[in-house]
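Shown next, in structure tokens, is the structure this report addresses.
The values are calculated or read from the model by the stated rules, or taken from the named source; none is laboratory data. Model, not experiment: these values are computed from the prediction. Glycine gets a Cβ as well: all are built from the backbone with ideal geometry, and neighbour counts include every protein chain shown.
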């Protein structure tokens, strides 16, 4: 009961007690650069934070999250999720402008994505691989948690302390996530719906981490609040920009491709312009059944190519010979599972 109460109280505090006009303590002010108040720090940082809107609604998925403008202002760094499964992601800037962005690439292993937008004059954070914070350091998380800011309203700013920097290892019966690298563990409830992809900054205004997805085990009452360190993020961005990760479908087709019915799969019907690739049923003793696919699985990747919709999955299958194996990444509840389909 105590854990549940702590979670509930923390969630309400994150909504009502956080604002760019939050009062700084004497210790905070002493740590700031000369002639720079805490309010100025957060207002400046928020100019590089955007609100993202895209796909959602199916199976309780949120249709919004947060993004970070980086570099020359034409790239947005965010969390890889179903929100991005649209042709154009709607971007809302700090001053209320609404822009369209396209997915430039994804890194499934780090669950990060890059969006590309026209030059809108937005300042971008620099990805400094040496700016990982130290344990005990004060930090701020700037996000659009709960979708509170829909226009030019301020994003939420949560003050916290770095509790630990440790590998997010996968344990049976515990929290399930594809990413297994180092994370910054925080003492404030940052990982709420809509907050994924938000910025973790230090008192100098440097980007030191990217807020990850909501990660909790309701049965055990565990909720980890964390961010990916900036050195991990920088390596991921470099891989995406260099083309080492794949996010697009091959344009070629083969004479005898894989088909859903041959695999023994049926997906939920098209109800949206880009209906997510949820498995509706699996035929008994089919290739899909023997591989371990189950109803309600959400297909995210096929051979490391992003599946953005039901139709997108069919396009990917049309480029793969039916005699070739498939590696499929699915989301089952809060767990990400890799499945090998062998003809």
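Miscellaneous remarks
- Condition met for residue 161 (without any contact (Cβ under 8 Å) to a residue 40 or more places away in the chain, within 17 Å of the chain's Cα centre (by Cα) and within 24 Å of residue 223 (Cα to Cα)): no
- Tally, over region 304-329, of residues that are more than 17 Å from residue 87 (Cα to Cα), in contact with a strand residue (DSSP E or B) (Cβ under 9 Å, 6 or more places away or on another chain) and in contact (Cβ under 8 Å) with a residue 40 or more places away in the chain: 9
Table: residues versus (1) in a strand (DSSP E or B); (2) at pLDDT below 90; (3) surrounded by 22 or more Cβ atoms within 10 Å (Cβ to Cβ); (4) under 19 Å from the mean Cα position of the chain (by Cα).
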site: 123; (1), (2), (3), (4): no, no, no, no
site: 127; (1), (2), (3), (4): no, no, no, yes
site: 130; (1), (2), (3), (4): no, yes, no, no
site: 134; (1), (2), (3), (4): no, no, no, no
site: 140; (1), (2), (3), (4): yes, no, yes, yes
site: 146; (1), (2), (3), (4): no, no, no, yes
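- Residues of region 283-297 that turn out to be touching a strand residue (DSSP E or B) at 6+ places or on another chain (Cβ under 9 Å) and either part of a loop (DSSP other than H, G, I, E, B) or crowded, with 21+ Cβ neighbours inside 10 Å (or both), as a count: 9
- Sole exception among (1) in contact (Cβ under 8 Å) with a residue 40 or more places away in the chain; (2) part of a strand (DSSP E or B) for residue 266, by number: (1)
- Of all residues in region 90-109, exactly one satisfies the criterion of being buried (at least 16 other Cβ atoms within 10 Å of the Cβ) and farther than 23 Å from residue 212 by Cα, namely 99.
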